[in-house]
Amino acid sequence: MGHAGVPLFRPGRAALRAAALVNDDFGALVGFDQPALIHSLRYVEPVSSFRTTFAYTNITHLLAGRLVAKAEGAADWNAVLQTNILDPLGMKDSTYSAAAITSAANHAQGYRYTAEGSVEVPFEDFPYNYDATGDINSNIEDMSKWVGLQLAGGTTPDGKRILSVENLAYTHTPKVAISDKVSYALGWFIEQTPNGGIVWHSGGTRSFGSMVVLQLDRKLGVVVLTNQGNVGMPDAIGLWAIDRLLGNPVVDHAAKSLALAKTAYGDSVQQYARPASPLPSPPLAPLAGNFANPGFGKAVLRTDGDMATVELLGSGAKLRLDPWNGGVYTATLVPEGRFAAVAANLGPLPSAFAQFQSDKDGKPTILRLTFATGQAYDFKRE
C-alpha cells in the first residue's frame, strides 16, 4: 500500500466549508513561518463570544502542539508524535515531511480537481509547516492502528495503555454546536445519524484528502485516503460506508459531493472573471511603495509598465496584480522558487482580490488583500 497524505487540515464536509480558516492563507498559500502565524492571531477580531459560534482555524492547533512539546520536554510536536503515538502503535510507515513521502519507494502522487478532470501536481512543503494540525503522511494499514486506539479506549493492540479512557472520551465530547445534529469536540465532529452517533473528521491539503469515521458503541471505523485535493469524495465514501454498516437510509453522498464540487469550482471561476464592461483601472505607478500590516509585516508594491507585483517580505511570496474592475485587481501567486509548486497546486485562478483605498486627498493609502475565504487584510502605506 502506497503512502497518501492524510493531514486533517480543513473541514471537508461541504456544509462546513464556509467556516472561516483564520489566517490560514498566510501559511498554506504565501508561506509564512510558524512564529509569524502564531503572532498573527493577536490581531484577529473575534467573530462571536467564546464557543457560541463554530469557526475553524489551524493555527491554534499549531500553538497547542508547541505547548505539548514544551510540557513533554521534546524538541517539537513531531518528536512527541513519534514517541507517544507512532512508535507505540507501530505506525512505521507514517511520516511528517514532504521529503519523507517523496523518498518512499511506494507513494501516491497528488492531483488537484478541476471540472474538466484531475491535474497532477508536485508535492509542496507548506502543509507540513502546521505540525500538530495534522502534518502526517500515512496509509490504510497505519491509520487502522490509530482508529483501533480510538475504538479500544486508548490501548494498543498488545494491550499497552497510551491514553486514559477519561481523556480519550473527553476528546469525543461536544464543545460547540454547529447545527441540531452536528457539534465539534476536540479535533472531532460529533454527528447524530438515524441509527447511532458518529465521530468523524475529514480534511486535506492541496492534492490529498482524507476521512475518518468512528462509531464507538459498535466498534466500527472507516478510513478513506485519496490523492486528490478534498472536494468531498473522501467524505462521501466514508459516510456511505458508515451508513451501510449502521443500516441507515441510503443517501447518494457521492452525487451530492460531485454536484457541490462542480458548483464550487464554477463559482471560483466566475468570482474572478473580469466583468464584461470593466471600469478603467487607474495608473499603476502612483500605487507603488511600501506597505505594512501589523500581523504579517511589510509588503512592497512594485510596478513595471502595465505590470504590478506585491511582495510580502516576511515570506518572499509575490502576488501579480491584474486589472479587474476600476481600482480592484486580481492577485495571483507568482510561481517562483519555493512558490512554484504551490502555484501549480493552486492552478491558474487568482488567489485574492487587491483593492486600493484612498485618503481624502485621493492618495492611495491602504492596500487591502481579500482571499477566497473572505478574509481581508489591510496593508497601510508607510
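Here are some notes:
- Selection status of residue 214, more than 23 Å from residue 259 (Cα to Cα) and modelled with pLDDT of 95 or more: yes
- Enumeration of residues in region 278-306 that are assigned to a loop (DSSP other than H, G, I, E, B) and either at positive phi or in contact (Cβ under 8 Å) with a residue 24 or more places away in the chain (or both): 278, 279, 280, 281, 282, 284, 294, 295, 296, 305
- The set of residues in region 45-73 being free of Cβ contacts under 8 Å to residues at least 40 places away in the same chain, at negative phi and not in a helix (DSSP H, G or I) consists of 45, 46, 47, 48, 49, 50, 55, 57.
- Condition check for residue 258: closer than 23 Å to residue 229 by Cβ and part of a strand (DSSP E or B): no
- Which listed residue, of 239, 214, 186, is under 24 Å from the mean Cα position of the chain (by Cα) and surrounded by fewer than 15 Cβ atoms within 10 Å (Cβ to Cβ): 186
- Matching residues, region 338-382, being surrounded by 16 or more Cβ atoms within 10 Å (Cβ to Cβ) and free of Cβ contacts under 8 Å to residues at least 12 places away in the same chain: 343
- In the set (1) under 30 Å from residue 124 (Cβ atoms); (2) touching a Lys or Arg at 6+ places or on another chain (Cβ under 9 Å); (3) in contact (Cβ under 8 Å) with a residue 24 or more places away in the chain, the condition left unmet by residue 236 is number (3).
- Among the helices (runs of 4 or more DSSP H) confined to region 74-183, the ones with at least 3 residues that are modelled with pLDDT of 95 or more and farther than 30 Å from residue 268 by Cα are located at 77-81, 140-151, 165-171.
- Region 242-273, subset modelled with pLDDT under 95 and of a type in the set (Lys, Arg), residue surrounded by the most Cβ atoms within 10 Å (Cβ to Cβ): 256
The values are calculated or read from the model by the stated rules, or taken from the named source; none is laboratory data. All figures in this text were calculated on a predicted structure; none of them were measured in a lab. Don't worry about glycine lacking a Cβ; one is built from the backbone with ideal geometry, like all the others, and counts go over all protein chains shown.
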